[in-house]
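Student: If you scroll down you'll find the structure; I have some questions about it.
Just so you know, all these numbers are worked out from the coordinates, no wet-lab data involved. All figures in this text were calculated on a predicted structure; none of them were measured in a lab. Methodologically, a virtual Cβ is constructed for each residue, glycine included, from the backbone with ideal geometry; neighbour enumeration extends over all protein chains shown.
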Amino acid sequence: MPASAPEGRYYERLEGGSVRCGLCPHRCVLKDGAVGLCRVRVNHGGRLELPFFGAVSAEAIDPIEKKPLYHFKPGSRVYSVGYLGCNLRCPFCQNYGISQTTLAPSVAYTPAGLARAAKASGCPSLAHTYSEPLVHAEFVIETMVEARAAGLANVLVTNGCALADAASDVLDHCDAANVDLKSWDPAWYRSELGGDLDAVKAFIAMAIEKGVHVEVTTLVIPDKTDKPEDIVAMSKFLAGLSPDIPYHLSAYRPVYKYTIPPTPDATVQKLASLAREQLRYVYEGNIFNESNDTRCPYCGAILVRRHGYAVDASGLKHGACAACGTPAPFVA
Ligand code: SF4
Ligand code: SF4
């Protein structure tokens, strides 16, 4: 660990050289030399430091639909970066090779350097994604400032497990976010994932309140997150914020520590039909069918047709349905 690592925000000094991190609901109390649960925030001599500030572990140009964001710049590409570490421990993490370790290779960026790389790619947006960006809130915020100055839109793909101060600071610079709402069971969220349902709900509500374009994803895992009453409750919660929030119900596939068989398509389809009683735009993720198209909720015309990551948005005209003229909640 370099002695001169940048100092983190969101912490307080305690008696005897310990610190308490206040970035996420874990509120880790760290003795001198100790590392937080996220693995990337360290007490160094009574100062909370960020030894992985700017360490980018993954870089790619992705379709925006892969985040998934279906109603934000449809059909565009997004310069996407991941980091190291995460404050959760999901046993089904697709990115465990970077989220559950700090030993994976990384490239050092400055915020301005990362914004320049994204700009040079020709993409209109820069996404902080793959592992958990919020545990690197300081770097993400500085990069978002640089990216906006360069004319880029800022995208966040997150578990939403942050306390209000950090959440507010990040969301102030964010244009679009996909937030995981992993379960409606607070005990399971805590014991199985290390997450906090109330924090995630507050994060989503704050993002909406701040005018961020928000989409939400729930991974449907057999016997874990596939209870119809929970999906209805989550849909009602989202609809209470806005019935236009796009909701992605994604079919789970075995990965990392989970060997549970894949979610049957029919389960996702049944749950999606329940969610559609509350929300206008519900998508069946990891299933290639017409549910991935967006239809005008008023006349039924296809606004955006999706086949894999091929996108045809010709049904949208000036932010409205080309057939009936009803405004459609898309960010161009
Ligand atoms: S961000 Fe990391 S160090 Fe801070 S409270 Fe959360 S897990 Fe602990
Ligand atoms: S929150 Fe995301 S990155 Fe972190 S462990 Fe869970 S799935 Fe992986």
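Student: With Cβ to Cβ distances under 13 Å as the rule, what net charge do the other residues near Val304 carry (K, R +1; D, E -1)? Kindly include the intermediate steps, with their values, before the conclusion.
Tutor: Working: positive: Lys73, Arg295, Arg305, Arg306, Lys317; negative: Glu65, Glu290, Asp293, Asp312.
Within the 13 Å Cβ shell, the charges total +1.
Student: Enumerate the calculated ³J(HN,Hα) couplings along segment 144-157 in order (Karplus 6.51 cos²θ - 1.76 cosθ + 1.60, θ = phi - 60°), each rounded to whole Hz, writing x wherever the residue is Gly or Pro.
Tutor: For segment 144-157, the Karplus-derived couplings read 4, 4, 5, 5, 4, 4, 8, x, 9, 8, 9, 10, 10, 10 Hz, x marking Gly and Pro.
Student: Out of all DSSP beta bridges in segment 240-332, what portion is antiparallel? Express it as a percent rounded to 5.
Tutor: Roughly 70 percent of the DSSP beta bridges within segment 240-332 come out antiparallel.
Student: Distances longer than 29 Å among the Cα atoms of the chain: what percent of all pairs is that?
Tutor: Working: 20240 of 54946 pairs.
For the chain, the share of Cα pairs beyond 29 Å comes to 37 percent.
Student: A further question follows. Rank these for me by crowding, Asp172, Asp185, going from fewest to most other beta carbons within 10 Å.
Tutor: Details: Asp172 12, Asp185 16.
Fewest to most other Cβ atoms nearby, the residues stand as Asp172, Asp185.
Student: Additional query: Using alpha-carbon positions, what is the distance between the centroids of segment 224-294 and segment 165-197, in Å?
Tutor: 17
Student: Within segment 167-267, list the chymotrypsin sites (Phe, Trp or Tyr not before Pro) lying in a DSSP loop whose Cβ has at most 15 other Cβ atoms in a 10 Å radius. List each step's numbers first, then the result.
Tutor: Working: sites: Trp184, Trp188, Tyr189, Phe203, Phe237, Tyr247, Tyr252, Tyr256, Tyr258; in loops: Trp184, Tyr252, Tyr256.
Hits after loop and neighbour filter: Tyr256.
Student: Mind pulling the angle between the C-alpha long axis of helix 265-275 and the longest principal axis of the chain? Nearest 10 degrees, somewhere in 0 to 90.
Tutor: Between helix and principal axis, roughly 90 degrees.
Student: Fewest first, what order do Asp32, Asp223, Asp196 take by the number of other Cβ atoms within 10 Å? Write down the numbers at each step before the final one.
Tutor: Numbers: Asp32 14, Asp223 7, Asp196 23.
Starting with the residue having the fewest Cβ neighbours, the order is Asp223, Asp32, Asp196.
Student: In degrees from 0 to 90, rounded to the nearest 10, what is the angle of the helix 197-209 Cα long axis to the longest principal axis of the chain?
Tutor: Approximately 70 degrees, to the nearest ten.
Student: Output the pairs from Lys31/Lys119; Lys67/Lys227; Lys119/Lys201; Lys31/Lys224; Lys119/Lys182; Lys210/Lys317 with a Cα-Cα distance over 30 Å in this structure; if there are none, say none. Could the numbers behind the result be given before it?
Tutor: Values: Lys31/Lys119 41 Å; Lys67/Lys227 25 Å; Lys119/Lys201 33 Å; Lys31/Lys224 36 Å; Lys119/Lys182 32 Å; Lys210/Lys317 26 Å.
Listed pairs above 30 Å: Lys31/Lys119; Lys119/Lys201; Lys31/Lys224; Lys119/Lys182.
Student: Given the DSSP H assignment, sum -39500 (n - 2.57) over each helix run of at least 4 residues in the chain and divide by its residue total; what's the result at 222 nm in deg cm²/dmol, nearest 500? Please list the in-between numbers first.
Tutor: Working: 7 runs with 73 residues, N = 332.
Theoretical 222 nm ellipticity from helices: -6500 deg cm²/dmol.
Student: By what distance, in whole Å, do the Cα atoms of segment 66-137 stretch along each of the three principal axes, largest value first?
Tutor: Computed over segment 66-137, the largest-to-smallest principal extents equal 33, 29, 19 Å.
Student: Summing Lys, Arg as +1 and Asp, Glu as -1, what charge do residues with Cβ under 13 Å from the Cβ of Glu15 carry, Glu15 excluded?
Tutor: Details: positive: Arg13, Arg20, Lys31; negative: Glu12, Asp32.
Residues close to Glu15 contribute a combined charge of +1.
Student: With θ taken as phi - 60° and the coefficients 6.51, -1.76 and 1.60, list the Karplus ³J(HN,Hα) couplings across segment 237-246 in order, rounded to whole Hz; mark glycine and proline as x.
Tutor: Computed from phi, the couplings for segment 237-246 are 4, 5, 4, x, 8, 5, x, 8, 5, x Hz.
Student: Quick one: net charge of Ile141's neighbours, Cβ under 12 Å, K/R +1, D/E -1? Walk me through the numbers before you get to the answer.
Tutor: Numbers: positive: Arg9, Arg148; negative: Glu138, Glu142, Glu146, Asp165, Asp169, Asp172.
In short, -4.
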